[in-house]
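**Student:** Here it is, the structure, as C-alpha cells.
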Amino acid sequence: MRNKYTAQLKALNDALIDMGNMCQNAISLSCQALSSGDLELANKIFASDDMVDKQERDIESMCLSLILHQQPVASDLHAISAALKMITDLERIGDHACDIAEIMLHNKSGTLTMLHEIENMGSCVVTMLHTAIEAYIKRDLDMARGVYDLDDEVDTMFFNIKEHLIEKLKSDSASIGHDVLDVLMVAKYLERIGDHACNVAGWVVFAITGEHKHQNQP
C-alpha cells in the first residue's frame, strides 16, 4: 500500500512538472509567433492549449484520489493542495498564451510596434515560470521567492510600454497605427502571465513550508 502511495505522489509530481513545461513552451511559441509573424506557429498554440486543459483535469483527479483514498500526512497534503492551486494558474497561463496568438492572427499590419520591448517582456515571464517550476522540482525556497523580484521587472516593463504608447497618442495620434491596442493587450496578457507565475511560486513555498503569503506581505 505504501509503495502505491509513493508511486501516486511521484506521478502527481511528474504530471505537474509536465504541465508547467507545456505552459512554458506555449508562452515561448506565442512570443516566437509575434516576432516571426508565423501564422502556422500561432495555430500550434491552440492545439497545445487542449493538452494543457486535459493535463489540468488529470492532475485534479489525481489530487482528489490521493486525498480521498490515501489520507496523506500533513507535508504531503500541503504538496497536494498546492498542486490543486498551481494547476489553476498554469491553465490561465495557457489561456493567455492563446490570447496572444489570437491577437497575432488578427493583426492586420502583420507587425507590432515596440516589438523589442514585447520580446523582452516575454522572455522575462518565460524565465519566471521556468524558475517557479525549477523551484518546485528542487524544493528550493530561495528560487521560488526570487520569482517575486522578476515580477517587479515585468510590472515595470508593462508600465513603460503603456506610458510610451500614451505619449505617442498624445504627440501624434494621427500617425498611430491600429496595432497600438494590440501591443497594449499583448503586454497586459504578459503581465498577467507574470502574476500567475508568481502565484505558482507562492504555492511552491506553501508546498515546502505549509505557509502561503502574498509576495507583498512582510
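The values are calculated or read from the model by the stated rules, or taken from the named source; none is laboratory data. Values in this document were obtained by computation on a predicted structure and should not be read as measured data. Neighbour counts are summed over all protein chains in view; Cβ atoms, including those assigned to glycine, are modelled from backbone coordinates with ideal geometry. Areas reflect the complete protein model, heavy atoms only, side chains present, ligands, DNA and RNA absent. Shrake-Rupley method; radii C 1.70, N 1.55, O 1.52, S 1.80 Å.
**Student:** Looking at the structure I just gave you, is HIS96 within 24 Å of ILE166 (Cβ to Cβ) and without any contact (Cβ under 8 Å) to a residue 40 or more places away in the chain?
**Tutor:** It is false that HIS96 is within 24 Å of ILE166 (Cβ to Cβ) and without any contact (Cβ under 8 Å) to a residue 40 or more places away in the chain.
**Student:** Show the residue pairs that are 6+ apart or on different chains and have beta-carbon atoms under 6 Å apart, the first residue being within segment 199-218 and over 12 Å from TYR148 (Cα atoms), the second being at pLDDT 90 or above and among the basic types (Lys, Arg).
**Tutor:** Here the result reads TRP203/LYS85; ILE208/ARG139, each pair linking segment 199-218 to a residue that is at pLDDT 90 or above and among the basic types (Lys, Arg).
**Student:** Can you find even one residue in segment 166-188 that is at pLDDT 95 or above and open to solvent by 50 Å² or more (accessible area, probe 1.4 Å)?
**Tutor:** Yes, some residue in segment 166-188 is at pLDDT 95 or above and open to solvent by 50 Å² or more (accessible area, probe 1.4 Å).
**Student:** Please pick out the residue among LEU129, LEU165, LEU150, LEU115 that is in contact with a Ser or Thr (Cβ under 9 Å, 6 or more places away or on another chain), within 16 Å of VAL204 (Cβ to Cβ) and not hydroxyl-bearing (Ser, Thr, Tyr).
**Tutor:** Result of the check over LEU129, LEU165, LEU150, LEU115: LEU150.
**Student:** Here's another thing I want to ask about it. Would you call ASP195 surrounded by 16 or more Cβ atoms within 10 Å (Cβ to Cβ), closer than 20 Å to GLN55 by Cβ and of a type in the set (D, E, K, R)?
**Tutor:** The answer is no for ASP195.
**Student:** Please go through (1) modelled with pLDDT of 75 or more; (2) open to solvent by 20 Å² or more (accessible area, probe 1.4 Å) for VAL200 and return the number of the only condition it doesn't satisfy.
**Tutor:** So the condition that VAL200 fails would be (2).
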